[in-house]
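> One structure coming up, written as structure tokens, with questions to follow.
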Ligand SMILES: Nc1ncnc2c1ncn2[C@@H]1O[C@H](COP(=O)(O)OP(=O)(O)OP(=O)(O)O)[C@@H](O)[C@H]1O
Ligand SMILES: [Mg+2]
């Protein structure tokens, strides 16, 4: 059975339009599931819905989010928060803004272990040192005593990755974890996430624009357009024979998989028209 | 090292500032109309009497000469003699200073408490009607100046519902065992809670009048910064760790959001000290402000100079303390 299963999740802007259109997806234990789609498609919203950090302006209309079979949307908010804190984690997009500038790095790794999981402080600190070594940070002791502004972006992303794995979560949501980094650092961080994920057997929901990245680290992927899943399949099938015209167009627009010397082919008008019609049809059916 | 250098630089600028203030005050109070000597003497005193007394106080000399004599004295710790009371200015001023400091600090503490609670509650309840109510209360507190709040408080809690004293610093009939003029502080140290209660009951309304507008400023700015901080990534990350709203506001947002408010408090505290002048008058509170008004009415030039210099010195010290506090609270500055 899958660890995360999202069923018919419907999100709406309060007093506004639909943000997610009956989104369903499954992520098995230890599996990496990619979420791709153009900007504004709702990829981040799915991650936020899972972790319970949706903006106040967004409401959950219907649907279920099951973690290991438990519908977290039906839980009491405080209990849900603790469950998510204990079993899930986030690797954020921008390491420069995701660490609190007012606190030292060490407590930002150990806080969840000490406050939420009630570990003794010494044990949590030992664990933090271990994790920092695991993400290849030299001098973990010194880094833990540092403030975020004293460290480089790549270092901070390593720290955030260490922090995400601290409580041995079953599921990690990574929302474009490399886009804010230097190109040279991007590859290392991606490798690191993949290595950590495999070693710890963590399920990973990986939000990205980049089909190249998907082909390297994901087993499955969902393609989103305007809050609707247009294709949900395993990676091999996707790259061999994408079923939906929008997926095919996306693939064609990714230089690596056609001709690297070729410039990007934008998604053709006709394909956009097709997928728009599908969205309209879905809205009509939902309205009826 | 950095810190010592900062302090040294600030001391130099402080000295220059104080000198400038001294010159301006010295000149201004001598060119405005009103002869202090004529006001001291009984009606019917002759021109000769006035001239004799003026010479005694050195007021017959030119302004630059007077300034040279006065500043020479100041450098030796002699601020001159008050014309009306015939006592040394320094002693008079230092004797009143504790009363004003205690009032200002009590007002500041009240303002920070009220403003802080307003900001935190407003943030906790953001998006609800209670937040709107807090904003309205804030706006009202802000649009009425401290001395009008003083009148309102006197009417409400001194006259209609007389729970607090509205005049003086302490009940005059009480026996005071104090050896300093820091009554509030010393009564605590001596464990004389009876006296302490009486002093607080006298200070409460004037301090509150001073605190209300400041608390509104603090509350508004702090809430604004808190709300902006609540959207930041590290706050969201903290939520995913399992933390609730209270922890997120107090532990993640507040340490960052408080920095602009701290600067503001520094600036506003000097205004608050300025506000004590009228508030002390209103509540017949025997502090520096009341002394200053008497000095101005009597054209007591040496006393006015002494008080103004002291006020200016307090302002600069307060600003220095705030800057140092800011540097300690903001790790980015500490290591820069
Ligand atoms: N705080 C918010 N309040 C209201 N609407 C929002 C908010 N954040 C995003 N949206 C809207 O929700 C929709 C989905 O946004 P989302 O952030 O999930 O997109 P995304 O697929 O992650 O895009 P990107 O690749 O740019 O990150 C967008 O149309 C966006 O305008
Ligand atoms: Mg996004």
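> Of everything in region A:55-71, what is outside any strand (DSSP E or B) and either away from ligand 1 (no atom under 13 Å from the Cβ) or buried (at least 22 other Cβ atoms within 10 Å of the Cβ) (or both)? Give them in sequence order. Working first, answer last.
Residues of region A:55-71 outside any strand (DSSP E or B): A:55-57, A:68-69.
Within region A:55-71, A:68, A:69 qualify.
> Since residue A:224 meets every condition but one in (1) more than 16 Å from ligand 1 (Cβ to nearest atom); (2) assigned to a strand (DSSP E or B), which condition does it not meet?
(1)
> Being within 16 Å of ligand 2 (Cβ to nearest atom), within 30 Å of residue A:149 (Cβ to Cβ), modelled with pLDDT of 95 or more and outside any helix (DSSP H, G or I) is the requirement here; does residue A:11 meet it? Explain how you work it out, then say what you get.
Working: within 16 Å of ligand 2 (Cβ to nearest atom): yes; within 30 Å of residue A:149 (Cβ to Cβ): no; modelled with pLDDT of 95 or more: yes; outside any helix (DSSP H, G or I): yes.
So residue A:11 fails the test.
> For residue A:34, are the conditions met, namely being farther than 27 Å from residue A:120 by Cβ, more than 10 Å from ligand 1 (Cβ to nearest atom) and crowded, with 20+ Cβ neighbours inside 10 Å? Give the derivation first.
Details: farther than 27 Å from residue A:120 by Cβ: yes; more than 10 Å from ligand 1 (Cβ to nearest atom): yes; crowded, with 20+ Cβ neighbours inside 10 Å: yes.
In short, yes.
> From the list A:112, A:127, which residue is away from ligand 1 (no atom under 16 Å from the Cβ), more than 7 Å from every other protein chain (Cβ to nearest Cβ) and in a helix (DSSP H, G or I)? Break it down stepwise before answering.
Numbers: A:112 fails: more than 7 Å from every other protein chain (Cβ to nearest Cβ).
It is A:127.
> For the structure I just gave you, tell me whether residue A:9 is more than 10 Å from ligand 1 (Cβ to nearest atom), in contact with a helix residue (DSSP H, G or I) (Cβ under 8 Å, 6 or more places away or on another chain) and within 14 Å of chain B (Cβ to nearest Cβ).
Considered against the rule, which asks whether it is more than 10 Å from ligand 1 (Cβ to nearest atom), in contact with a helix residue (DSSP H, G or I) (Cβ under 8 Å, 6 or more places away or on another chain) and within 14 Å of chain B (Cβ to nearest Cβ), residue A:9 comes out as no.
> Okay, next question. Could you tell me whether any residue of region A:179-199 is more than 14 Å from chain B (Cβ to nearest Cβ), outside any helix (DSSP H, G or I), touching a residue at least 60 places away in the same chain (Cβ under 8 Å) and more than 16 Å from ligand 1 (Cβ to nearest atom)?
Here is the first cut: in region A:179-199, the ones more than 14 Å from chain B (Cβ to nearest Cβ) are A:181-199.
Next, only the ones that are outside any helix (DSSP H, G or I) stay: A:181-182.
When the remaining residues are screened for being touching a residue at least 60 places away in the same chain (Cβ under 8 Å), the result is A:181.
Subsequent filtering for residues that are more than 16 Å from ligand 1 (Cβ to nearest atom) retains none.
No; the residues of region A:179-199 include none that is more than 14 Å from chain B (Cβ to nearest Cβ), outside any helix (DSSP H, G or I), touching a residue at least 60 places away in the same chain (Cβ under 8 Å) and more than 16 Å from ligand 1 (Cβ to nearest atom).
> So which residues in region B:278-298 are surrounded by fewer than 21 Cβ atoms within 10 Å (Cβ to Cβ) and closer than 23 Å to residue B:26 by Cβ, if there are any at all?
Listed by number, the residues that qualify are B:293, B:294, B:296, B:297, B:298.
> Inside region B:240-257, can you point out the residues that are at the interface with chain A (Cβ under 10 Å from one of its Cβ atoms), in a helix (DSSP H, G or I) and surrounded by fewer than 22 Cβ atoms within 10 Å (Cβ to Cβ)?
Start the filter on region B:240-257 by keeping residues that are at the interface with chain A (Cβ under 10 Å from one of its Cβ atoms), which leaves B:240-245, B:247, B:251-257.
Pick out the ones that are also in a helix (DSSP H, G or I) and you get B:240, B:245, B:247, B:251-257.
Once the filter is applied, which keeps residues that are at the interface with chain A (Cβ under 10 Å from one of its Cβ atoms), in a helix (DSSP H, G or I) and surrounded by fewer than 22 Cβ atoms within 10 Å (Cβ to Cβ), region B:240-257 yields B:245, B:247, B:251, B:254, B:255, B:256.
> Which one is farthest from residue A:203 (Cα to Cα), of the residues in region A:53-82 that are in contact with a helix residue (DSSP H, G or I) (Cβ under 9 Å, 6 or more places away or on another chain) and within 16 Å of ligand 2 (Cβ to nearest atom)?
Among them, the one singled out is A:58.
> Taking the conditions exactly as written (within 16 Å of ligand 1 (Cβ to nearest atom), farther than 27 Å from residue A:137 by Cβ and within 9 Å of chain B (Cβ to nearest Cβ)), does residue A:52 satisfy them or not?
Working: within 16 Å of ligand 1 (Cβ to nearest atom): yes; farther than 27 Å from residue A:137 by Cβ: yes; within 9 Å of chain B (Cβ to nearest Cβ): yes.
Yes, satisfied.
> Go through (1) out of contact with any strand residue (DSSP E or B) (no Cβ under 8 Å at 6 or more places or on another chain); (2) within 16 Å of ligand 1 (Cβ to nearest atom) and name the single condition residue A:174 misses.
The failed condition is (1).
> Among the residues in region A:43-52, are any over 29 Å from residue A:247 (Cα atoms) and within 16 Å of ligand 2 (Cβ to nearest atom)?
Among the residues of region A:43-52, not one is over 29 Å from residue A:247 (Cα atoms) and within 16 Å of ligand 2 (Cβ to nearest atom), which makes the answer no.
> Here's a follow-up. Please verify whether residue A:137 is touching a residue at least 12 places away in the same chain (Cβ under 8 Å), in a loop (DSSP other than H, G, I, E, B) and more than 14 Å from chain B (Cβ to nearest Cβ), treating the condition exactly as stated.
Details: touching a residue at least 12 places away in the same chain (Cβ under 8 Å): yes; in a loop (DSSP other than H, G, I, E, B): yes; more than 14 Å from chain B (Cβ to nearest Cβ): yes.
Yes: the conditions hold for residue A:137.
> Could you please find all residues in region A:205-221 being more than 16 Å from ligand 2 (Cβ to nearest atom) and either part of a strand (DSSP E or B) or more than 15 Å from residue A:235 (Cβ to Cβ) (or both)?
Correct list: A:220 only.
> For region A:84-107, which positions are assigned to a helix (DSSP H, G or I) and at the interface with another protein chain (Cβ under 8 Å from one of its Cβ atoms)? Spell out how you get there, then give the answer.
Here is the first cut: in region A:84-107, the residues assigned to a helix (DSSP H, G or I) are A:84-87, A:105-107.
Answer for region A:84-107, where residues must be assigned to a helix (DSSP H, G or I) and at the interface with another protein chain (Cβ under 8 Å from one of its Cβ atoms): A:84, A:85, A:86.
> Right, next: Here is a list of conditions, (1) free of Cβ contacts under 8 Å to residues at least 24 places away in the same chain; (2) crowded, with 18+ Cβ neighbours inside 10 Å; (3) more than 16 Å from ligand 2 (Cβ to nearest atom), and residue A:85 meets all of them except one; can you say which number that is?
Exception for residue A:85: condition (1).
The rows are residues; the columns are (1) within 28 Å of residue B:312 (Cα to Cα); (2) without any contact (Cβ under 8 Å) to a residue 24 or more places away in the chain; (3) surrounded by 13 or more Cβ atoms within 10 Å (Cβ to Cβ).
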site: B:5; (1), (2), (3): yes, yes, no
site: B:29; (1), (2), (3): yes, no, yes
site: B:36; (1), (2), (3): yes, no, yes
site: B:50; (1), (2), (3): no, yes, yes
site: B:58; (1), (2), (3): yes, yes, yes
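The values are calculated or read from the model by the stated rules, or taken from the named source; none is laboratory data. Everything numeric in this text was worked out from a predicted model, so none of it was measured. Cβ: placed from backbone, ideal geometry, glycine included. Neighbour counts: every protein chain shown.
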